[in-house]
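The values are calculated or read from the model by the stated rules, or taken from the named source; none is laboratory data. Predicted model only: the values in this text are computed from it and were never measured. Cβ placement follows ideal geometry from the backbone for every residue including glycine, while neighbour counts extend to all protein chains displayed.
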Amino acid sequence: MVLIDFSVFSAWVMWEVGYFGIWAAGMASPGAWQVLIDLVIAGGLICWWMVVDARKRGVNPWPWVVSTFALGTLVPLAYLLWREYEPKHQEVFNSEHINPV
């Protein structure tokens, strides 16, 4: 639900101010800079986690990382959904919980 709602909101904002307008708003004042820098740091931490998690799963993390820096938190939200519904993940998950009795 968050992914869909935030995607719609982000599309509307992009339509209203454009991609660079979003960045310009993030640099409009010291308070806006603080929020922008905080989001960049959080995005970096999320990307670090995605790299570690994707490598454990045998997945190339770099498309997710590059997309995150271009599109923001929509990408990690999509990654969280993808990793839960990936067929390979389901097989691993199901096989780990088989009781061999």
Please verify whether V52 is surrounded by 12 or more Cβ atoms within 10 Å (Cβ to Cβ) and free of Cβ contacts under 8 Å to residues at least 12 places away in the same chain, treating the condition exactly as stated. no
Kindly evaluate I37 against the criterion of being surrounded by 11 or more Cβ atoms within 10 Å (Cβ to Cβ), among the β-branched types (V, I, T), under 18 Å from the mean Cα position of the chain (by Cα) and at pLDDT below 85. no
Just to be sure I understand the filter: pairs with C-beta atoms under 8 Å, separated by 6 or more residues or on different chains, first member in segment 1-13 and over 17 Å from T68 (Cβ atoms), second member part of a helix (DSSP H, G or I) and aliphatic (A, V, I, L, M). Which pairs pass? V13/I22
Checking the condition within 22 Å of V2 (Cβ to Cβ), within 12 Å of the chain's Cα centre (by Cα), at pLDDT 90 or above and exposed (fewer than 13 other Cβ atoms within 10 Å of the Cβ), which residue from L45, L77 passes? L45
Selection count where residues are modelled with pLDDT under 85 and closer than 17 Å to T73 by Cα, scope segment 14-27: 5
Residue match in segment 59-74 (condition: among the aromatic types (F, W, Y), in contact (Cβ under 8 Å) with a residue 24 or more places away in the chain and in a helix (DSSP H, G or I)): yes
Criterion: in contact (Cβ under 8 Å) with a residue 12 or more places away in the chain and either assigned to a helix (DSSP H, G or I) or hydroxyl-bearing (S, T, Y) (or both) - qualifying residue of L39, L45: L39
Would it be correct to say that D5 is of a type in the set (D, E) and modelled with pLDDT under 90? yes
